[in-house]
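Presented below is the structure to which this report refers.
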């Protein structure tokens with residue numbers, strides 16, 4: 001069943017590097033995967049390092065009040081770093097995976113909620129009315145969820161809708177076009193798609209295949225979603241991202257979708 005928005009008016013999306021973006025929607029301020037630490041290394045349980053290579057374009061103090069954080073997952077530092085975790089304490093609501101909701105509850109209490117696939121929450125808008133945030137499928141690697149989650153963890157995407165408002169999709173760290181197809185069946189056309197890209201890869205993990213969309217897949221996702229606008233994130237600022245802005249520009253041009261891309 002499609003969700004048809006009465007308004008396709010676009011709104012500013014501020015992109016800060018990595019997976020972090022801010023947008024105002026229906027009077028509420030939404031922030032995706034907060035990462036504001038300085039460049040540096042993050043040791044991982046398997047002995048590897050995640051390396052942040054560039055500073056964020058803003059600090060938490062620059063953002064103003066945040067009403068909702070859309071957190072694709074809490075287990076990886078390139079999606080939730082130290083400063084991001086600190087920021088969550090000052091946000092009224094963080095939406096994330098069911099597992100993440102449990103892990104963060106000790107820190108955030110009732111200010112965090114995990115969303116299963118297709119589970120929705122209603123948010124009150126200033127001045128009346130509501131916004132619906134629906135958790136949607138995401139798989140953090142190439143293959144079936146049952147094979148990927150024990151290695152890469154659980155991830156969730158989000159669709160944000162409201163009466164008279166555009167339909168917004170935030171992909172999270174998703175590598176599955178099958179998941180995108182499922183989302184399109186329910187919500188296409190998407191007015192704004194905030195697509196996590198960058199083709200992150202690790203030697204010896206999933207045969208070196210991307211664990212989030214590569215640039216060509218991002219363009220294919222835009223086609224599947226019938227997206228009117230695509231704001232790419234998660235393609236710069238970290239050493240394991242293997243495809244950057246130039247790759248995205250080329251892929252969207254090859255797909256005839258250059259006019260859909262918007263960088264901020």
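A short reminder: the numbers here are calculations on the coordinates, not readings from a lab. All figures in this text were calculated on a predicted structure; none of them were measured in a lab. Note: ideal-geometry Cβ built from the backbone for every residue, glycine included; neighbour counts use all protein chains shown.
Once the Cβ-Cβ distance between residue 117 and residue 203 is put in as r, and R0 is 51 Å, what FRET efficiency do you end up with, to the nearest 0.05?
It comes to 0.95.
Any idea how far apart residue 124 and residue 83 come out in nm if each label point goes 7 Å out from Cα toward Cβ?
Using points 7 Å along Cα→Cβ, the separation is 3.3 nm.
Which value, in nm² and rounded to one decimal, describes the direction-averaged projected area of the C-alpha convex hull of the range 212-264?
Over every viewing direction, the Cα hull of the range 212-264 projects on average to 3.4 nm².
Using a Gaussian network model on the chain with a 10 Å cutoff between Cα atoms, which of 147, 214, 37 fluctuates the most?
Among 147, 214, 37, the largest GNM mean-square fluctuation belongs to 147.
With the chain treated as a Gaussian network of Cα nodes joined by springs under 10 Å, which of 150, 65, 166 yields the largest mean-square fluctuation?
150
Anyone know which of 143, 114, 84 comes out most mobile in the 10 Å Cα GNM of the chain?
Highest fluctuation of the listed residues: 143.
Could you line up 229, 260 from fewest to most neighbouring Cβ atoms inside 10 Å?
260, 229
Using a 10 Å cut-off around each Cβ, can you sort 111, 52 from fewest to most neighbouring Cβ atoms?
Least to most surrounded, the residues fall as 111, 52.
Over the chain, calculate the relative contact order: mean separation of alpha carbon pairs under 8 Å at least 6 apart, over the residue count, as a percent.
Value for the chain: 19 percent.
So if I average 1/r over every pair of distinct C-alpha atoms in the range 41-85 and take the inverse, what Kirkwood radius in Å does that give?
The Cα-based Kirkwood calculation yields 12.3 Å.
Which whole-number percent of Cα pairs in the range 13-255 have a distance greater than 27 Å?
28
Contour minus end-to-end for residue 107 and residue 54, with contour as 0.36 nm per residue of separation and end-to-end as the Cα-Cα distance?
16.3 nm
Please arrange 78, 46 by counting, for each residue, the other beta carbons lying within 10 Å of its beta carbon, fewest first.
The order, fewest Cβ neighbours first, is 46, 78.
Going by a ≥ b ≥ c, the root eigenvalues of the Cα gyration tensor, does the range 27-149 fall in the rounded group (a/c under 1.5), the prolate group (a/b larger than b/c) or the oblate group?
Judged from the Cα gyration tensor, the range 27-149 comes out oblate (a/c at least 1.5, b/c at or above a/b).
Between the range 229-264 and the range 62-109, how many Å separate their Cα centres?
26
Helix-derived [θ] at 222 nm for the chain: sum -39500 (n - 2.57) over DSSP H runs of at least 4, divide by residue count, nearest 500?
-6500 deg cm²/dmol
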